[in-house]
Amino acid sequence: MALTTAPDPTRRGTGSVRPDANRRGTGRIRHGEGLAGYVFLSPWLIGLMGITAIPMLLSLYLSFTNYDILTPFSEVEWVGLANYERMFTSDPSWWHSVRVTLSFALIAVPLKLAAALGVALLLNRAWRGVGLFRGLFYLPSLLGGSVALAIVWVNMFNRDGAFNSFLALFGIQGKPWVNDPDWALETLMVLAIWQFGAPMVIFLAGLKQVPTELYEAASVDGAGKFRQFVNVTLPMLSPVIFFNLVLETINGFQGFTAAFVLSNGTGGPVDSTLMYTLNLYITGFTDLEMGYASAMAWVFLIAIATITVIFFSTGRFWVHYSDGEDR
């Protein structure tokens, strides 16, 4: 009986491919794929470095200087922590802008989310024409923080505006709401609350994911509509509430356009609409204290990051997911 032996793959001329050749070929393919990936990512990477990363690092450096835009970089004076010390100890306008921004966010954001959830519950029904109403309620959010919308809002709430004309129909004496220090910030809050379309759409998507079997089981147990809302809707909707809360809180702290238009860029009347971002803009581009404005921007960034971390740290106590696990 003849004996046969398997061909040695390491010998040349046997027709088989050597393992090291396979590895080299695979390596070249992977290298080519990686290079192609970086080529496709290059526009984003260039934008990240040129528009975000480098300006952020530059502003961090400027926050320790007295840079005023007009001074060449070669003549910029290093002042260390003087800008931060001034901010916390001897700048009353900075503290005032912090109070105004906190008041705005603490009042406008919860009311906006409540309005968004309430309207989402109303529109989460198979009514005729419900799609049209959803579009109409979402429309203000499409306008966003536009200057045109802010101008319209100011004209609506001035002394001869549409709101006072509406109040006159009921014999109520109006006032120049946007020029009254006691009411100017409130008009900005109403504008922010009115733009509840974006969180409303997210709430609608979340409501569609709540299983109807849970409502049926709660109804069998004798739970009314309110009990169903508290014990079924809110727990099942808590991840969506958390998502909207984080986003709208950040947006609330970043409010700028409406305050700028209403006050003509001054934060008036009597600094009643001096939001933090508006104060930062005035400091950097009106007073030309770009070094100090950079320090304000970094404190603002750290504050928002801290608030976001607090949200995520406390979220595990009240955010519940459908798989039964809290994150």
Per residue, how many Å² of accessible area does the range 188-278 show with a 1.4 Å probe? 46
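Tell me, what is the per residue accessible area of the range 28-98 in Å², probe radius 1.4 Å?
73
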Please list, or write none, the lysines whose alpha carbon is within less than 19 Å of the alpha carbon of residue 225, excluding same-chain residues fewer than 8 places away. 208
I'd like to verify something in the chain: which complete DSSP H helices, judged by Cα projection on the helix axis, reach 30 Å or more and average at least 0.0 on the Kyte-Doolittle scale? 92-123, 290-315
Apply the Debye scattering formula to the range 252-327, with a single equal point scatterer on each alpha-carbon and no solvent, then give log10 I(q)/I(0) at q = 0.14, 0.17, 0.19 Å⁻¹. -0.59, -0.71, -0.80
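Which values, in whole Å and largest first, are the semi-axes of the equivalent ellipsoid of the range 158-294 obtained as the square root of 5 times each eigenvalue of the Cα gyration tensor? Can you show the working numbers first?
On the way: eigenvalues 333, 115, 20 Å².
Gyration-tensor ellipsoid for the range 158-294: 41, 24, 10 Å.
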Modelled label-to-label distance, residue 56 and residue 93, 7 Å Cα→beta-carbon offset: nm? 2.8
Stokes-Einstein at 20 °C, 1.002 mPa s, Kirkwood radius from Cα pairs: D for the chain in µm² s⁻¹? 86
With an 8 Å cut-off on Cα pairs and a minimum separation of 6 or more residues, tell me the relative contact order of the chain in percent. 25
For the range 63-114, what mean projected area does the convex hull of the alpha carbons give, in nm²? 5.2
Based on the Cα atoms of the range 209-279, what semi-axes does the equivalent ellipsoid have, where each is the square root of 5 times one gyration tensor eigenvalue, given in whole Å with the largest first? 44, 12, 8
If you roll a 1.4 Å probe over the range 216-309 with all protein chains in place, what percent of the accessible area is carbon or sulfur? 67
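The values are calculated or read from the model by the stated rules, or taken from the named source; none is laboratory data. Bear in mind that the values here come from a model prediction, so they are computed numbers and not experimental data. Here the Cβ is made from the backbone with ideal geometry for all residues, glycine too, and neighbour counts use every protein chain on show. Just so you know, the surface numbers come from the protein's heavy atoms only, side chains and all, with ligands and any DNA or RNA stripped out. Shrake-Rupley method; radii C 1.70, N 1.55, O 1.52, S 1.80 Å.
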